[in-house]
1. Residue by residue through region 62-82, note down the ones that are more than 16 Å from the ligand (Cβ to nearest atom) and either of a type in the set (Lys, Arg) or more than 16 Å from residue 99 (Cβ to Cβ) (or both).
2. Against the definition (crowded, with 17+ Cβ neighbours inside 10 Å, within 16 Å of the ligand (Cβ to nearest atom) and not charged (D, E, K, R)), how does residue 59 come out, yes or no?
3. Which numbered condition trips up residue 181, out of (1) among the hydrophobic types (A, V, I, L, M, F, W, C); (2) buried (at least 24 other Cβ atoms within 10 Å of the Cβ); (3) in a strand (DSSP E or B)?
4. May I ask you to say which residue of 44, 52, 84, 74 is modelled with pLDDT of 95 or more and touching a Leu at 6+ places or on another chain (Cβ under 8 Å)?
5. Hey, could you check region 216-243 for residues that are polar (S, T, N, Q) and in a strand (DSSP E or B) and say which is surrounded by the most Cβ atoms within 10 Å (Cβ to Cβ)?
6. I'm checking my understanding of the structure. Among residues of region 193-215 that are outside any strand (DSSP E or B) and away from the ligand (no atom under 16 Å from the Cβ), which one is surrounded by the fewest Cβ atoms within 10 Å (Cβ to Cβ)?
7. Scan region 41-59 and report the pairs whose first residue is in contact (Cβ under 8 Å) with a residue 24 or more places away in the chain and among the charged types (D, E, K, R) and whose second residue is part of a strand (DSSP E or B) and surrounded by 22 or more Cβ atoms within 10 Å (Cβ to Cβ), with Cβ atoms within less than 9 Å and a gap of 6+ or a chain change.
Amino acid sequence: MKCTIFSNGRLALFALAITQFSPILAHPSIVERGSPIALGAAKTYGAIAATTLTSTGNTRITGDCGTCPGTSITGFLPGVCTGTTSAGGKAACAAEAACLSAYNNARGLASTATALPSSDLAGLALAPGVYKFPTAAATNSATLTLNGAKNTMGQFIFLIDTTLTTAGSSKVVLINGAQACNVYFIVGSSATIGESSAMTGNILAHTSIGLTNAASNKGTLCALNGAVTLINNSLTAQTVCSS
Ligand SMILES: *[C@@H]1O[C@H](CO)[C@@H](O)[C@H](O)[C@H]1NC(C)=O
């Protein structure tokens, strides 16, 4: 095997003769699951808030629900939380702590990708990596495609300094082995998910998270200092991340 270190410090591996038994080499720009970001105790949660967790209408959370240090969880029923509900309990506090640790780890990451054309993610197809947004990011009623490039362990980490906003009917779609458990929106202020948006990924917001009518998510919503507010939403925690 030949290894070359480029002047920018990146290590490139040129593979040797491929045999049936060759080990699979990870491409250096691909961020692997759990390294550095893992959700730990929070991964079984559909939604966890610091202050209040409020639902209006027929929200369904497949997974756990909680608040810490707040203790107010309202709207269940008619909302449904299929897992454990922890209002200020030990389980919720462990989940909040896990979210904070994932958030802080992510904040320390360097960008692995060239700058995107704008802060609008709509219509883009991206490979695993760390993508930085000096201000806000949005998906404008269109689809963001995350391409796992056949690496099911590749992580997609969006480091957004201020807000994440999706317009109505926005979508995040996974292809080629990408997994929702490996998608992270790290939001420096608050996230607002538009009506009927179909989101995929863990949304970790410094302040609060609001989903409008009929939006859905696969992953965990973590509000680190504020509320999670839901209206007729469908949330599914990604408890299993396959390798
Ligand atoms: C929730 O969904 C029901 C049924 O579709 C709808 O009638 C209601 O207006 C929705 N609630 C809100 C606040 O949008």
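The values are calculated or read from the model by the stated rules, or taken from the named source; none is laboratory data. Everything numeric in this text was worked out from a predicted model, so none of it was measured. Cβ: placed from backbone, ideal geometry, glycine included. Neighbour counts: every protein chain shown.
1. Once the filter is applied, which keeps residues that are more than 16 Å from the ligand (Cβ to nearest atom) and either of a type in the set (Lys, Arg) or more than 16 Å from residue 99 (Cβ to Cβ) (or both), region 62-82 yields 62, 71, 72, 73, 81, 82.
2. Yes.
3. (3)
4. Step by step, each of 44, 52, 84, 74 is checked, and only 74 is modelled with pLDDT of 95 or more and touching a Leu at 6+ places or on another chain (Cβ under 8 Å).
5. 217
6. 207
7. Going by the 9 Å Cβ cut-off, the qualifying pairs are 43/202.
The rows are residues; the columns are (1) more than 13 Å from the chain's Cα centre (by Cα); (2) under 25 Å from residue 52 (Cα atoms); (3) surrounded by fewer than 16 Cβ atoms within 10 Å (Cβ to Cβ).
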site: 90; (1), (2), (3): yes, yes, yes
site: 93; (1), (2), (3): yes, yes, no
site: 109; (1), (2), (3): yes, no, no
site: 143; (1), (2), (3): yes, no, no
site: 157; (1), (2), (3): no, no, no
site: 162; (1), (2), (3): yes, yes, no
site: 170; (1), (2), (3): yes, no, no
site: 174; (1), (2), (3): no, no, no
site: 187; (1), (2), (3): no, yes, no
